[in-house]
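To start, the structure itself, in structure tokens.
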Amino acid sequence: MKLTFLGTGTSVGVPMIGCECATCTSTDSRDKRLRTGLLIEQAGQRLVIDVSTDFRQQALRAGLTKLDALLITHCHADHVFGLDDIRPFNFKHGPIPVFASERTWRDLRRVFYYIFEAKHVGGGLPQVTPETITNFEPFFVGDLEITPIPVIHGKGEVTAFRLSNGRASVAFVTDCNQIAPTSLEALKGLDVLILDALRIKPHPTHLHLEQSLAYIEELKPQRTLLTHMGHDIKHSEISRHLPANIELAYDELILEL
Ligand SMILES: [Zn+2]
Ligand SMILES: [Zn+2]
Ligand SMILES: [Zn+2]
């Protein structure tokens with residue numbers, strides 16, 4: 001299984017428009033974060049988790065020529081506003097299965113109402129095959145087993161995904177400030193955990209670094225990559241305080257498992 005971090009930034013990206021802080025003006029490429037997304041390649045199948053606002057740029061940068069499935073964590077702008085940019089894949093290969101919870105589909109159908117209008121006239125539409133997933137009920141894309149796991153994001157629910165190819169297991173857990181005990185159980189025994197760590201100070205809808213570290217301590221994955229980071233987190237400064245098996249992810253980082 002090959003993982004490519006398409007983006008590791010929070011909703012405004014890093015640098016943030018108009019900001020002159022040390023991270024936003026940093027020349028370290030690891031401080032340049034597009035909005036959060038992950039590409040998973042397994043046995044010829046290419047899956048993407050979340051089509052961020054920056055998806056077009058991310059797909060070009062990663063040399064993505066085919067997309068076999070899309071998994072959506074939740075319908076916030078920074079995770080879905082790249083949906084229109086799946087059209088070039090549709091031109092070549094037709095509709096793409098999109099996996100999301102019932103709750104996320106309800107929001108997606110409102111935000112992207114025109115895609116589902118029977119009588120839409122004019123304009124190219126992204127072609128999606130909606131697949132509704134249920135928490136804790138595994139499904140397969142190719143030979144990859146995927147388990148949706150609910151996490152708490154303020155007043156909303158976000159879907160985390162655990163992916164296994166039978167040899168290695170990875171979980172992508174973004175946009176949450178709390179993880180319920182049943183979900184924590186489902187996140188044990190991981191080779192790689194990719195976890196939300198928005199900033200240093202507490203935040204009402206995201207994990208801050210100290211909370212992320214506490215969950216890592218409880219879950220004990222072999223390796224953790226932190227993501228969805230804002231400009232509070234300057235890569236070189238924060239990463240040197242982290243234990244060896246906990247790292248800050250950065251854009252275009254590739255892991256082979
Ligand atoms: Zn987000
Ligand atoms: Zn800044
Ligand atoms: Zn969100």
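The values are calculated or read from the model by the stated rules, or taken from the named source; none is laboratory data. Keep in mind it's a predicted model, so treat the numbers as computed, not measured. Quick reminder, even Gly has a Cβ in these numbers, built from the backbone with ideal geometry, and neighbours come from all protein chains shown.
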field: Single residue of Ala77, Ala69, Ala22 found to be of a type in the set (A, V, I, L, M, F, W, C) and over 28 Å from Arg103 (Cα atoms)
entry: Ala22
task: Give just the number: which of (1) assigned to a loop (DSSP other than H, G, I, E, B); (2) touching a residue at least 24 places away in the same chain (Cβ under 8 Å) does Val121 not satisfy?
output: (2)
field: Odd one out for Thr27, checked against (1) at pLDDT 95 or above; (2) out of contact with any Cys (no Cβ under 8 Å at 6 or more places or on another chain); (3) closer than 23 Å to Thr132 by Cβ; (4) surrounded by fewer than 22 Cβ atoms within 10 Å (Cβ to Cβ)
entry: (3)
query: Which residue, of His79, His74, is assigned to a helix (DSSP H, G or I) and at pLDDT 95 or above?
result: His79
Candidate set from the stretch 231-247 (those that are surrounded by fewer than 22 Cβ atoms within 10 Å (Cβ to Cβ) and under 12 Å from Leu198 (Cα atoms)); member that is nearest to ligand 3 (Cβ to nearest atom): Asp232
query: Scanning the stretch 30-45 for residues that are away from ligand 2 (no atom under 16 Å from the Cβ) and buried (at least 21 other Cβ atoms within 10 Å of the Cβ), which turns out farthest from Glu256 (Cα to Cα)?
result: Thr36
Checking Ala171 against (1) part of a loop (DSSP other than H, G, I, E, B); (2) under 14 Å from the mean Cα position of the chain (by Cα), the condition it does not meet: (1)
message: Please count how many residues of the stretch 180-205 are over 14 Å from the mean Cα position of the chain (by Cα), within 16 Å of ligand 1 (Cβ to nearest atom) and either surrounded by 13 or more Cβ atoms within 10 Å (Cβ to Cβ) or on the phi > 0 side of the Ramachandran plot (or both).
response: 3
task: Tell me, yes or no, whether the stretch 37-44 has at least one residue that is out of contact with any Leu (no Cβ under 8 Å at 6 or more places or on another chain) and free of Cβ contacts under 8 Å to residues at least 24 places away in the same chain.
output: no
task: Pick out the one residue from Thr104, Thr134, Thr65, Thr73 that is surrounded by fewer than 15 Cβ atoms within 10 Å (Cβ to Cβ), within 20 Å of Ile146 (Cβ to Cβ), in contact with a strand residue (DSSP E or B) (Cβ under 9 Å, 6 or more places away or on another chain) and of a type in the set (S, T, N, Q).
output: Thr134
query: Given the conditions (1) surrounded by 20 or more Cβ atoms within 10 Å (Cβ to Cβ); (2) of a type in the set (A, V, I, L, M, F, W, C); (3) closer than 23 Å to Asp175 by Cβ; (4) away from ligand 1 (no atom under 16 Å from the Cβ), which single one is not true for Phe89?
result: (3)
statement: Exactly one of Gly18, Gly94, Gly82, Gly13 is within 16 Å of ligand 1 (Cβ to nearest atom) and on the phi > 0 side of the Ramachandran plot, and that residue is Gly13
